[in-house]
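Shown next, in structure tokens, is the structure this report addresses.
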Amino acid sequence: MILPKEYEKLSPEDAIVLQMEMRKSINITPLNKDFKLIGGADISFNKYEEQVYAGIIVLAYPSMKIGSQVTVKAFTKFPNISGLLALRETPALLKAWEQLKQKPDVLILDDQGIAHERGITTHFGLLTNIPTIGCAKSKLYGNYHQLENERFSASPLLKQEETRGFVLRTKVNCKPIYISPGHKISIAQSLEIIKNCSLKHRIPEPLDWLIY
């Protein structure tokens, strides 16, 4: 097993092999337990620099009362390559995860979920063995039917005629968001959880609080 701290030693070809192997373990089945804590995670970096910033916030579910939050800076030499960003971002996010005093039961990431199985939502879920949900502000893959201009109007996100998630409008007269599970949670549950986390803003509270 290749450890995240060794990712920067991988060639792009070896990184793809690692991702394809990890994809075999993705588990999109319902989460069969109640949970009380939900997290939001985001990563940012300048493509010309080695610094990577990662943040995680933990909120009570479903009240959305803020609990703990961690922001870290890490460094990586793994190149900025489309489709391989999970290997560039994961070590920083793991560093933030390790510093959290209270871990969330479910983690939402600014990402595509199984609509892009090689993204960080599936990658991080597999590494930490926790339920993860991708919630993106723009679409990379898939097709969907036009949404009604009303709160919580939703349409399945289809990739090669297979449902990979949902497109959801959280506010009237606002662009939709794209929801897809990453690991250890179902498509339907992912949609319901994001609805419960969407209060006043376009994006759910666990991600909205992380804008920095």
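Just so it is clear, none of the values below were taken in a lab; they were calculated from the coordinates. These numbers come from a predicted model, not from an experiment. FYI the Cβ positions are ideal-geometry reconstructions off the backbone, even for glycines, and counts take in every protein chain you see.
What the table below lists for this structure:
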item: Simple label model, 7 Å out from Cα along Cβ direction - residue 20 to residue 192, nm; result: 3.7
item: Considering only the stretch 60-204, percent of DSSP beta bridges that pair antiparallel, nearest 5; result: 85
item: Centroid-to-centroid separation of the stretch 94-130 and the stretch 143-212 [C-alpha atoms, Å]; result: 17
item: Relative contact order %, the chain, counting alpha carbon pairs below 8 Å whose residues are six or more apart; result: 21
item: Globularity ratio of the stretch 92-205, using Cα Rg and 2.2 N^0.38 Å; result: 1.04
item: Relative exposure of 57, 133, judged by other C-beta atoms within 10 Å (fewest first); result: 57, 133
item: Residue 48-residue 3 FRET efficiency (beta carbon distance; Förster radius 41 Å; 0.05 resolution); result: 0.95
item: Total charge dipole magnitude, the stretch 79-140, about the Cα centre, Cβ charges on Lys, Arg, Asp, Glu only, Debye to nearest 20; result: 100
item: Modelled FRET efficiency - R0 25 Å, residue 98 with residue 201, Cβ distances, 0.05 increments; result: 0.30
item: Angle between the chain longest axis and helix 85-99 axis [Cα atoms, degrees, rounded to 10]; result: 80
item: Residue exposure sequence - 116, 183 - by fewest surrounding Cβ within 10 Å; result: 116, 183
item: Shape of the stretch 128-167, Cα gyration tensor, a/c cut at 1.5; result: oblate
item: Whole-angstrom Cα spans of the stretch 5-61 along principal axes, big to small; result: 41, 29, 16
item: Volume of the Cα convex hull of the stretch 41-110, divided per residue and given in Å³; result: 85
item: Listed residue (85, 135, 7) projecting farthest to the positive dipole end of the chain, Cβ model; result: 135
item: DSSP-loop GluC sites (Glu not before Pro) across the stretch 108-199, with at most 10 other Cβ within 10 angstrom; result: 150, 161
item: Length gained when the stretch residue 31-residue 77 is fully extended (0.36 nm per residue, less Cα-Cα span); result: 13.0 nm
item: Calculated SAXS-style log₁₀ I(q)/I(0) at q = 0.11, 0.18 Å⁻¹ - the chain, Debye, Cα scatterers; result: -0.48, -1.31
